[in-house]
Structure formats: structure tokens, C-alpha cells
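Below you'll find the structure, written out as C-alpha cells, and then a few comments.
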Amino acid sequence: MRITVLTGAGISAESGLATFRASDGLWENHRIEDVASPDGFARDPALVHQFYNERRKNAAAAVPNAAHQALARLAERHDLTLITQNVDDLHERAGSAKVIHMHGSLNRARCTSCNLTWAAPPQMSVDMPCPACAARTIRPDIVWFGEMPFHLEQIWVALEQADLFAAIGTSGNVYPAAGFAQHAARNGAHCVELNLQDSATSRDFDDHIRGPASLTVPAWVD
Ligand code: BV8
């Protein structure tokens, strides 16, 4: 069976990482548009680097939970495409070998002058030169609001080929990810939503499994 899974911030909540929704659109006391948008970065790059340095530190200190580990097991039994909106690396650290980071990764940096991407250092700053062109124009390799998500072609194909689509720990507020269930369903997939509560797109799913991911995902996988 071909399974496509989309995860959101909720799968990392029990690992102690803040979700977008729980903080009413505030992340670590910052307004989202000030820290997760190109305008915000142009306005105050030092603030945005500080915000991501803090999240990079928190993510490095976090431990994958039973939900991340269960998805790593799922890939051993089925043809699984794992897509995440998350920028942490908890799926990889739980043993998932192939993870599609559609919103980028805290552990990657990008130079806006020469487009080099490389493994981000734990702390980034505006005066840090690009290792290739030495320009002081580096940013987190993360997809901000208003920017094109990564790997969409591969994602659309995985949604069209899926027999089963599952969304885990996502509020269905952020597009195009919020439209994935509809796209999969239109192509014949059975859709299941695993979440603590209803999301903005619960109506797009056939089944709803309610509860904390660290309990519901292992039960669903095993
Ligand atoms: C784009 C990186 C063009 C940054 C992020 C259509 C309509 C309206 C708006 C738009 C639209 N199309 C585009 C837009 C604009 C915008 C958008 O969607 N805005 C929203 C706010 C209205 N989208 C974009 O700009 C995207 N780009 O669209 O380009 C395009 C158009 C079409 C097709 C192709 C291209 C780019 C969006 C990417 C933004 N970057 N992340 C960073 O992380 O710092 S998004 C950011 O929000 C994070 O990735 C995070 O994952 C996400 C929040 O969503 P969730 O993951 O769902 O997290 P959230 O906190 O919201 O919810 C947590 C859920 O978990 C909850 O449901 C909760 O109940 C549950 N939960 C909590 N604890 C648990 C749990 N569940 C289980 N167990 C638990 N223990």
C-alpha cells in the first residue's frame, strides 16, 4: 500500500517544541510576520536570525517522541512518502531516512547572493560571510510566508499516487499544505487526520483519530 503522510508542528509538541497555533500566532514572543517573512527579514535580519537561533537551540535539545519513531517503523513496512511542514530534524533523528521538508530546515543555511546552501552553524548572524562567495547575505534555508514551498512537484505526485493519506498534528491553516487532503482524496486516497482536536480542514478527511500523537500514531502504525 502506498502511504503519504504530512506532519505539522503538533507532532513535535510532545518533544517540547512550540507550535504556531498554541501561541496565537506568536512564536517565542515574536509576531509571525516579523520573523517568518521576507519583509520581516529585510526589516530586521538580526531579529530573525535571533529567532531561528533560539529555535535551532531548542530543536537540538529536543528528543524525538514515540510518534516520530512510529513513522520510522512505518517506512519499513510500506511504501511511505513522509512530508513535513516542520523545520526541526526530529523525524531524521527518529530514524526516518527520507523526509521531504517542504518548509525547509533549521539545519540548513542559504546565501541570497550565490544561492549556495549548506549545513547551518548552531548560531547564525548578519555579519557571517557565505563560505563560497563571502557575501554577508546569508539566511536560514526556510520557506517563509509568501515564498514557494520546496519539492512541490514530488509532493503532488505522492498525493496523486497515495492509497492512504494521513495528516498528523497540523491545524490546516497554512497553504498549500492545507489543501493536500483534498488533492489526495480527488485521486482516490482514503484520508485520515490524527490530531488533538478538529482542524480547519477536518471535513476533508474520512477518518479522525483524536488524541496526543505520541499515543495515536504508534497505535495507528502498529
Ligand atoms: C505559498 C517555516 C505560493 C517557517 C512555515 C491560500 C489561502 C490563504 C492563504 C494562502 C493561500 N495560498 C498561500 C497563502 C499564503 C500563506 C498561507 O497559507 N497563509 C496562512 C497563514 C493563511 N502560504 C504561504 O505563504 C506559503 N507559500 O503559498 O506560495 C503558492 C501557492 C499555491 C501553491 C504553491 C505555492 C508558504 C507557507 C510556509 C510558511 N512557513 N514554516 C518556520 O517554521 O519558522 S509555516 C509554519 O506554520 C510552520 O511550518 C508550521 O508547521 C506551520 C503551522 O502549521 P502547523 O504545522 O499546522 O502548526 P500549528 O501550530 O498551526 O498547528 C499545530 C496542530 O497540532 C494543531 O492542530 C494542534 O491541535 C495539533 N497538536 C498540538 N499538539 C498535539 C497536536 N496534535 C497531536 N498531538 C499533539 N500532542
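Does any residue in region 61-79 that is in contact (Cβ under 8 Å) with a residue 40 or more places away in the chain and assigned to a strand (DSSP E or B) come within less than 6 Å, Cβ to Cβ, of a residue that is of a type in the set (Lys, Arg) and surrounded by 13 or more Cβ atoms within 10 Å (Cβ to Cβ) six or more places away or on a different chain, and which pairs are these?
What qualifies is ASP79/ARG2.
Taking the residues in region 148-187 that are touching a residue at least 60 places away in the same chain (Cβ under 8 Å) and near the ligand (Cβ under 6 Å from one of its atoms) as candidates, determine which candidate is nearest to SER199 (Cα to Cα).
Checked region 148-187; the qualifying residue nearest to SER199 (Cα to Cα) is SER171.
Has region 130-137 got any residue that is within 23 Å of VAL99 (Cβ to Cβ) and either surrounded by fewer than 15 Cβ atoms within 10 Å (Cβ to Cβ) or out of contact with any Cys (no Cβ under 9 Å at 6 or more places or on another chain) (or both)?
The answer is no, given that none of the residues of region 130-137 is within 23 Å of VAL99 (Cβ to Cβ) and either surrounded by fewer than 15 Cβ atoms within 10 Å (Cβ to Cβ) or out of contact with any Cys (no Cβ under 9 Å at 6 or more places or on another chain) (or both).
Considering ARG31, ARG21, which residue is under 17 Å from the mean Cα position of the chain (by Cα) and either within 11 Å of the ligand (Cβ to nearest atom) or farther than 30 Å from LEU164 by Cβ (or both)?
Of the residues listed, the single one that is under 17 Å from the mean Cα position of the chain (by Cα) and either within 11 Å of the ligand (Cβ to nearest atom) or farther than 30 Å from LEU164 by Cβ (or both) is ARG21.
Just checking, does region 180-191 include any residue being within 11 Å of GLY10 (Cβ to Cβ) and at pLDDT 95 or above?
no
Hey, does region 98-106 have a residue that's crowded, with 21+ Cβ neighbours inside 10 Å, in a loop (DSSP other than H, G, I, E, B) and polar (S, T, N, Q)?
Checked region 98-106: no residue is crowded, with 21+ Cβ neighbours inside 10 Å, in a loop (DSSP other than H, G, I, E, B) and polar (S, T, N, Q).
Would you check if ILE11 is under 17 Å from the mean Cα position of the chain (by Cα), of a type in the set (A, V, I, L, M, F, W, C), farther than 23 Å from LEU215 by Cβ and within 13 Å of the ligand (Cβ to nearest atom)?
no
In region 32-44, is there at least one residue being under 27 Å from GLY211 (Cα atoms), assigned to a loop (DSSP other than H, G, I, E, B) and either in contact (Cβ under 8 Å) with a residue 40 or more places away in the chain or not basic (Lys, Arg) (or both)?
Looking for residues that are under 27 Å from GLY211 (Cα atoms), assigned to a loop (DSSP other than H, G, I, E, B) and either in contact (Cβ under 8 Å) with a residue 40 or more places away in the chain or not basic (Lys, Arg) (or both), one finds none in region 32-44, hence no.
Could you list, in sequence order, all residues of region 1-36 that are modelled with pLDDT under 95 and either over 26 Å from ALA67 (Cα atoms) or β-branched (Val, Ile, Thr) (or both)?
The answer is THR19, ASN29, HIS30, ARG31, ILE32, GLU33, ASP34, VAL35, ALA36.
The values are calculated or read from the model by the stated rules, or taken from the named source; none is laboratory data. This one's a predicted model, so the numbers in the text were calculated from it and none came from an experiment. Cβ sites come from the backbone with ideal geometry, for glycine too, and all protein chains shown count toward neighbours.
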